[in-house]
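Presented below is the structure to which this report refers.
Throughout, read-outs are computed from the coordinates displayed, never taken from laboratory work. All values reported here derive from a predicted model rather than from experimental measurement. Counting neighbours? That spans all protein chains shown, and the Cβs are built from the backbone with ideal geometry, glycine included.
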Amino acid sequence: MRTVGPDRTEVRKSTQQTAAVTTLRAVLLYLIALLAAVIVVPVTGGDYRRLNEIALVRWGLLFAGLGIQIAMEFLDFPEARWTDAGLVLLLLSYVCILGFCVSNLRTSGIGVITVGIALNAFVIAINQGMPYESPKGVGFHASVKHRPLEPGDRFTFLADTIPLGGPFQASISFGDLVIAVGLVEVAYRNSRQPRRARTSTPEEGENPETDSNAYELWLRESGNAVVNYNSLESVDDPGVVDKSRS
């Protein structure tokens, strides 16, 4: 009697679900970063109403990039196309997300997020996928984005090699940490009143006019004639007709 093994479709679905769970666990880091961003506003004296004044543009690029990544994680993408079409779509998603970030660099904190995303995109591009090192005792299945860490991988210190315990049970990258810090910085910096440029005004008792002695010294060194600072006073000159006396 022949033992029938598990159907390949079922195995593929199980592997796909496990990879999706691994991604969701890593996303918990961003959820905690967002929670910290919400908490940091009142703790540091910020105002939530000022966050509504943030004017971000080109949201379509962000939604397109995130949509591509979500679809590639949860849809049945052929494993044989991971390294060609899959990699192209994955890098295209990062191009869209980076385009959104670059368009909003004037917003405080977006620059930090941009650096983190660029680091992740760089590692994926140079290794044809994000090298992933599973925490001890945690299973892992490769996906379009993640694959097991291999000896020939480059810049592995930027890959998903930082293990997280507790509820995470996943590994993250240095770029992920930078993005988390950037999210908190966006909330912190944009929730408070912007500093106004200070204009230097003379204090009480100060003479705002130029020091006459220093100015006279400068004229001497430059070879010019000494200026008579009392020239504004009336001078009795017989050649000058004073109309007020006539």
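Would you kindly state how much longer the chain becomes between ALA71 and LEU105 on full extension, computed as 0.36 nm times their sequence separation minus their alpha carbon distance, in nm to one decimal? Intermediate results must be reported in sequence, preceding the final value.
Numbers: separation 34, 0.36 × 34 = 12.24 nm, distance 2.73 nm.
Length difference between fully extended and current span is 9.5 nm.
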Normalised contact order of the range 29-139, rounded percent, pairs of Cα under 8 Å and 6 or more residues apart: 24
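Apply the a/c threshold of 1.5 to the C-alpha gyration tensor of the range 10-190 and tell me whether it is rounded, prolate or oblate. Intermediate values should be presented prior to the final figure.
Working: a/c = 1.97, a/b = 1.57, b/c = 1.25.
Prolate is the answer for the range 10-190, as a/c is 1.5 or above and a/b outweighs b/c.
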Ascending count of other beta-carbon atoms within 10 Å, so fewest first, for GLU53, GLU133: GLU53, GLU133
Under 5 Å, built H, 5+ apart or other chain: amide partners of ALA170: LEU164
Amide proton proximity set for ARG147, modelled H, under 5 Å, gap of 5+: MET130, TYR132
Residue-by-residue Karplus 3J(HN,Hα) for the range 180-188, coefficients 6.51, -1.76, 1.60, Hz, glycine and proline x: 4, 5, x, 4, 5, 5, 4, 5, 5
Packing-based exposure ordering (other Cβ within 10 Å, fewest first) of CYS101, CYS96: CYS96, CYS101
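Counting other beta carbons within 10 Å of each residue's own, what order do TRP82, TRP59 fall into, fewest first?
Values: TRP82 19, TRP59 11.
Sorted ascending by nearby Cβ count, the order is TRP59, TRP82.
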For the range 35-96: rounded, prolate or oblate by the Cα gyration tensor [a/c cutoff 1.5]: prolate
Using θ = phi - 60° and Karplus 6.51 cos²θ - 1.76 cosθ + 1.60, couplings along the range 43-56 (whole Hz; Gly, Pro as x): 5, 9, x, x, 9, 4, 5, 6, 5, 5, 7, 5, 10, 9
